[in-house]
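J.: Dropping the structure in here first, questions after.
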Amino acid sequence: MIRIENLRKTYRAADGREVEALADIELEIGAGEVFGIIGRSGAGKSTLIRTLNLLERPSAGRVLIDGEDITTLDSEGLYALRRRVGMIFQHFNLLGAKTVADNIDWPLKATGHTNAAERAVRVKELLALVGLSEQGHKYPSQLSGGQKQRVGIARALANRPQILLCDEATSALDPETTQSILRLLLDINRQLGLTIVLITHEMQVIRTICDRVAVIDGGRIVESGRVADVFLHPRHPVTRSMVAQSDALAAASFDPAHAYMKDKLRGTLVRLTYIGDVTYQPILSRIMAGAKVQITILQGEVSSIKDVPFGQLLLELEGSEDDIREVFAELDRHQIHHEVLQ
Ligand SMILES: Nc1ncnc2c1ncn2[C@@H]1O[C@H](COP(=O)(O)OP(=O)(O)O)[C@@H](O)[C@H]1O
Ligand SMILES: [Mg+2]
């Protein structure tokens, strides 16, 4: 549904120098997908997401939505595009002088819905959708951050868009409120079949609701794929460092050279990673029962990434080379990925 081809964006800074914010961006996002773009501050995330509704005009390349190159749209086409693509922001961007209901009504008015009674019905529907049925008469300053973002979501959905863009939509919220907003986004994605593209610097956000992720650094996509694959087998140094800084998934980028057990290890240090149904089968105990190898669990996590169960264990194996090779062969047979770290 969304296809980005060879996209490039260069800014001219105040001192006249050119800043290359995006280069060689290729991306495909499917209908109904929740697609995340993660990267550090300054990586180019906001610039990239803003090219999807032409808030930012690319310097080169194409952005196709349902096969149509939006960079060539005339003003009428652009007007139609903005109805198809809603957006929410980190700081909500609500109109402070208008009530919650009027904030949601505003995009309906702006797109030529002249029937006030019909608009009122739609506003009521949207308030219910985001759980704010009782708050319509209030002003944004009377709401909590989470409630403000709910208004932002209702406003973005007013014209029934196919795509919702989220620019750091939970970055100004506390962890608990973040989770409730993410749950709402996921509900909307499932209920309405809405495609969601979000950018964030928080792994937890990606892990909770995204199907696929692209990692951006220095204006380039450095890796992308299914979230479980990218986060459990990070390849690029930027991804590895982001994974290492998150408490969860730390085993994915564990570095034995810098570890607290550096001088304590005698055996072979191995990282096991398994994704999917195998997570809930007693395969490890079966393998270990038959093996002549001593096993110490050093670190590990068994959890899920969105709906995908996974396990990741850091083990020390002690035994003869042959016995350890036997264990590896068994792991391979059960599609448990193993990597010898030391
Ligand atoms: N309007 C602008 N003029 C000049 N440089 C800009 C402008 N907007 C962004 N940049 C630069 O482009 C790069 C990417 O910025 P941005 O897309 O905002 O990154 P992110 O959202 O990942 O933090 C940064 O180096 C930033 O300084
Ligand atoms: Mg940004």
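J.: Rolling a 1.4 Å sphere over the protein heavy atoms, what is the accessible area per residue of the chain, to the nearest Å²?
T.: 48
J.: Calculate, in nm to one decimal, what M1 and L265 gain on full extension: separation in residues at 0.36 nm each, minus their alpha carbon distance.
T.: Working it through step by step, the gained length comes to 90.0 nm.
J.: A follow-up question, please. How far apart, in nanometres, would the label points at S320 and A120 be if each is projected 7 angstrom from Cα along the Cα-to-Cβ direction?
T.: Simple spin-label model gives 8.6 nm for this pair.
J.: Here are some pairs, K98/K138; K45/K148; K124/K306; K124/K148; which of them have Cα atoms lying more than 19 Å apart in this structure?
T.: Details: K98/K138 9 Å; K45/K148 23 Å; K124/K306 31 Å; K124/K148 16 Å.
Those over the limit are K45/K148; K124/K306.
J.: Also, quick follow-up: With r defined as the distance between the Cβ atoms of L78 and A250 and R0 fixed at 56 Å, what FRET efficiency is calculated, to the nearest 0.05?
T.: 0.80
J.: Additional query: Using a simple spin-label model with points 7 Å from Cα along the Cα→Cβ vector, what separation in nm is obtained for E176 and D69?
T.: According to this spin-label approximation, the distance is 5.1 nm.
J.: Which cross-chain or sequence-distant (5 or more) residues have an amide H under 5 Å from the amide H of L22, H modelled 1.01 Å from N in plane?
T.: Long-range HN contacts for L22: K9.
J.: Enumerate the amide H contacts of T51 below 5 Å, restricted to partners 5 or more residues apart or on another chain; note that Pro and chain-start residues carry no placed amide H.
T.: Residues meeting the criterion, in which the H sits 1.01 Å from N, are E56.
J.: Separate question: Of the accessible area of the chain, with the probe set at 1.4 angstrom, what percent is carbon plus sulfur?
T.: In the chain, the share of accessible area belonging to carbon and sulfur is 48 percent.
J.: Sticking with this structure for a sec: Near I29, within a Cβ-to-Cβ distance under 11 Å, what is the net charge of the other residues, with Lys and Arg +1 and Asp and Glu -1?
T.: Local net charge: -1.
J.: Working from Cα positions, state the angle (0 to 90°, nearest 10) between the long axis of helix 75-84 and the longest principal axis of the chain.
T.: Between the helix axis and the principal axis of the chain, the angle is about 50 degrees.
J.: Net charge around S180, counting only other residues with Cβ within less than 11 Å of its Cβ (Lys, Arg = +1; Asp, Glu = -1)?
T.: Overall, the nearby charge balance is -1.
J.: What is the spin-label model distance, in nm, from H338 to L192 if the labels are put 7 Å beyond Cα along the C-beta direction?
T.: 4.9
J.: Starting from the Cα of E301, move 7 Å in the Cα-to-Cβ direction to define the label point; list residues of region 266-284 whose amide nitrogen is under 15 Å from there.
T.: Residues 272-276 fall inside that zone.
J.: Then there's this: Could you pull the Rg and Dmax for the chain, using just the Cα atoms, both in Å?
T.: Cα-based Rg and Dmax for the chain come out at 23.9, 80 Å.
J.: Okay, moving on. Please name which of N103, S46, G225 has its Cα lying farthest along the dipole of the chain towards the positive end, using unit charges on Cβ (Lys, Arg +1; Asp, Glu -1) and the Cα centre as origin.
T.: N103
J.: Same structure again: Each residue of region 39-51 in turn: what ³J(HN,Hα) in whole Hz from Karplus with 6.51, -1.76, 1.60 and θ = phi - 60°, glycine and Pro shown as x?
T.: The phi angles translate into x, 6, 4, x, 5, x, 4, 5, 4, 5, 5, 6, 6 Hz.
J.: How much length is gained if the chain between S133 and K98 is pulled fully straight, taking 0.36 nm per residue apart and subtracting their Cα-Cα distance, in nm to one decimal?
T.: Between S133 and K98, full extension yields an extra 10.9 nm.
J.: For S253, what is the net charge nearby, where nearby means another residue's Cβ is under 14 Å from its Cβ and Lys, Arg count +1, Asp, Glu -1?
T.: Counting the neighbours of S253, the net charge comes to -2.
The values are calculated or read from the model by the stated rules, or taken from the named source; none is laboratory data. Here the structure is a predicted model, which is why all the values come from computation and not from measurement. Don't worry about glycine lacking a Cβ; one is built from the backbone with ideal geometry, like all the others, and counts go over all protein chains shown. Surface accessibility is based on the protein's heavy atoms, side chains included, excluding ligands, DNA and RNA. Shrake-Rupley method; radii C 1.70, N 1.55, O 1.52, S 1.80 Å.
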